[in-house]
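For reference, the structure discussed in these notes is given below.
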Amino acid sequence: MNLQPLSLSLHQNIVFLTGAGVSAASGLPTFRGENGLWNDAEFMRASDAANLPESLPMVWKVFGGLRALAETIKPNAAHFAIAEVQKRHADKNITLITQNVDGLHQAAGSENVIELHGSVLRSRCTNSHCTSQPFADLTPHTEVPFCNLCKAPLRPDIVLFNEMLPPLESHLAKGALRDVDLFIAVGTSGVVAPAAQFVSSAAYAGARTILVNLEAMQPRNAYFQEEILGRAEEVLPVLLAI
Ligand code: OAD
């Protein structure tokens, strides 16, 4: 691979945006593409909030399965490269925003990960009046579990289609994009808003913008100044000189 490491000394405010492609080498399927999760009709229905609350048993069947899988897999070189660059350049503002719900960035050692789409490793109550908070839950429930406090059904703490992003994560991501000077998106098809629009915010902030992905973005997104085609787990260690 004829790839030069980035001169990180030129940058102070760096934002990584990651997607499912980053976890592919760990054994998690991506959403789109040949073996993508969206080719599974049950997964598709379970992922749409418009089907709640009737779909809760299916939500747990599907995402309980994903939780069980996420518990058994390990981070790969892409996750470790990002975690290491955060550690080595602690003097810089390095923000990691992920669309992934698998907890693998944290497992690799990244801290303060902005989980834009939540985490399959947490559950929360479906009752908006309940005072309980989302909590770590590694049980791969296959049936709907219930809240200890109010007895309403629980759900995985993830963002489904037709749902808003969590407000804090959304706020933190927007804040980081305001004065970013290097934006690197990795392993994402770039079709799901609002994350798909982060690159335009970064470009307007004056950042250098780079996409690292297995395949070219379709349609092309002109806000990316550079596109590096390859596997995240091979490209990132070279690009970040890890
Ligand atoms: P996608 O499945 O849409 O895209 C994954 C991208 O990763 C594809 O463009 C692949 O070519 C690329 N890819 C696969 N293996 C790779 C590798 N080893 N290295 C680099 N790239 C690789 O996943 P996302 O863009 O993350 O939302 O999808 C965004 C959101 O859509 C997800 O968070 C999910 C889904 O609906 C929710 O669940 C709310």
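So here's what we get for this one:
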item: Segment 69-94 - residue that is part of a helix (DSSP H, G or I), modelled with pLDDT of 95 or more and hydrophobic (A, V, I, L, M, F, W, C) and, of those, surrounded by the fewest Cβ atoms within 10 Å (Cβ to Cβ); result: Ala77
item: Residue match in segment 221-233 (condition: acidic (Asp, Glu), under 25 Å from Leu3 (Cβ atoms), in contact (Cβ under 8 Å) with a residue 24 or more places away in the chain and within 9 Å of the ligand (Cβ to nearest atom)); result: yes
item: For Gly27: the one exception among (1) near the ligand (Cβ under 10 Å from one of its atoms); (2) within 18 Å of the chain's Cα centre (by Cα); (3) surrounded by fewer than 17 Cβ atoms within 10 Å (Cβ to Cβ); result: (1)
item: Candidate set from segment 145-183 (those that are closer than 20 Å to Glu42 by Cβ and surrounded by fewer than 17 Cβ atoms within 10 Å (Cβ to Cβ)); member that is farthest from the ligand (Cβ to nearest atom); result: Pro145
item: Enumeration of residues in segment 186-220 that are more than 10 Å from the ligand (Cβ to nearest atom), touching a helix residue (DSSP H, G or I) at 6+ places or on another chain (Cβ under 6 Å) and either of a type in the set (Val, Ile, Thr) or in a strand (DSSP E or B) (or both); result: Thr209
item: Breaking point among (1) at negative phi; (2) in a loop (DSSP other than H, G, I, E, B); (3) modelled with pLDDT of 95 or more, for Gly175; result: (2)
item: Test result for Ser123, hydroxyl-bearing (Ser, Thr, Tyr), within 14 Å of the ligand (Cβ to nearest atom) and either part of a loop (DSSP other than H, G, I, E, B) or crowded, with 21+ Cβ neighbours inside 10 Å (or both); result: no
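One line per residue, one yes/no per condition, for (1) without any contact (Cβ under 8 Å) to a residue 24 or more places away in the chain; (2) in contact with a helix residue (DSSP H, G or I) (Cβ under 9 Å, 6 or more places away or on another chain); (3) within 14 Å of the ligand (Cβ to nearest atom); (4) not in a helix (DSSP H, G or I):
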site: Leu3; (1), (2), (3), (4): no, yes, yes, yes
site: Leu6; (1), (2), (3), (4): no, yes, no, yes
site: Leu17; (1), (2), (3), (4): no, yes, yes, yes
site: Trp38; (1), (2), (3), (4): yes, yes, yes, no
site: Phe43; (1), (2), (3), (4): yes, yes, yes, no
site: Trp60; (1), (2), (3), (4): no, yes, no, no
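The values are calculated or read from the model by the stated rules, or taken from the named source; none is laboratory data. Worth saying up front: this structure is predicted, and the values here are computed from it rather than measured. No Cβ is skipped: glycine too gets one built from the backbone with ideal geometry, and neighbour counts run over all protein chains shown.
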